[in-house]
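Structure record follows, encoded as structure tokens.
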Amino acid sequence: MTPPTENLISPLENYWRIPWVIEWSQFLLDSYARLLKQELISRAGTADEQAQRLFASPFVVASHGLQNDPILNYGNQIALDLWEMDWKQFTQTPSRLTAEPVNREERARMLEQAKINGFIRDYKGIRISGSGKRFLVEQATVWNIHKHDGTLLGQAATFSDWTFL
């Protein structure tokens, strides 16, 4: 699933309210629960309320699609803050650029392992923000995102442990 490229929302609105983001949030949450046998967040309330809760969660959640050079298509507020980007910048960034060139091969191996196994836990790696700040991510979980019919849509990651280097 690729987000629309046109600007559908003003900078003052909450991105979690965009209809495709609400739908994507459900795919993220459903896939996480199915693969990891636990919920990422409370699933109480409507899909809108869950999308808001995911966007406001106190841990990073980010994802990309299936393009040849996957583009980030979701980042909650913590992810946007950590990578020092606004929504528009974040969702136009190739996900490989979240790692420095020297760390991209290792990142690609990790994503391939997650693709094959459905998910991985306890991932550790160095990432880089939009302004060039380096940080070490620890205990990350990476999982595949699927539609309800099993169609692969992309991959997501979540983590709450990082240290600036």
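Just so it is clear, none of the values below were taken in a lab; they were calculated from the coordinates. The shown structure was predicted, so the numbers you read here are calculated from the model rather than taken from an experiment. Note: ideal-geometry Cβ built from the backbone for every residue, glycine included; neighbour counts use all protein chains shown.
Computed extension length for D122-Q26: 32.2 nm, one decimal, from 0.36 nm per residue of separation with the Cα-Cα distance subtracted.
Would you mind checking the pairs K37/K133; K37/K88; K88/K133; K88/K115; K124/K147 and listing those with alpha carbons more than 24 angstrom apart? Where the Cα-Cα span goes over 24 Å, the pairs concerned are K37/K133; K37/K88; K88/K115; K124/K147. Size descriptors for the stretch 22-73 (Cα atoms only): Rg and Dmax, in that order, 11.6, 36 Å. For the chain, the extents of the C-alpha atoms along the principal axes are 41, 35, 29 Å, listed from largest to smallest.
Here the peptides 58-66, 116-124 are ranked by packing, the mean other Cβ count within 10 Å, and the order with the highest first is 58-66, 116-124. By the Cα gyration tensor, the stretch 57-120 has an equivalent ellipsoid whose semi-axes, rounded to whole angstrom, run 20, 14, 12 from largest to smallest. Here is how the number arises for the chain: DSSP H runs of 4 or more residues each give -39500 (n - 2.57), the sum is divided by the residue count, and the result at 222 nm is -9000 deg cm²/dmol. Residues in the stretch 40-57 carry Karplus couplings, in order, of 6, 9, 4, 9, 5, x, 7, 4, 4, 5, 5, 4, 5, 4, 5, 5, 9, 4 Hz; the curve used is 6.51 cos²θ - 1.76 cosθ + 1.60 with θ = phi - 60°, and Gly or Pro positions show x. The HN-Hα couplings worked out from phi for the stretch 15-24 by the Karplus form 6.51 cos²θ - 1.76 cosθ + 1.60 (θ = phi - 60°) are 5, 5, 7, 5, x, 5, 6, 4, 5, 4 Hz, whole numbers, x standing for Gly and Pro.
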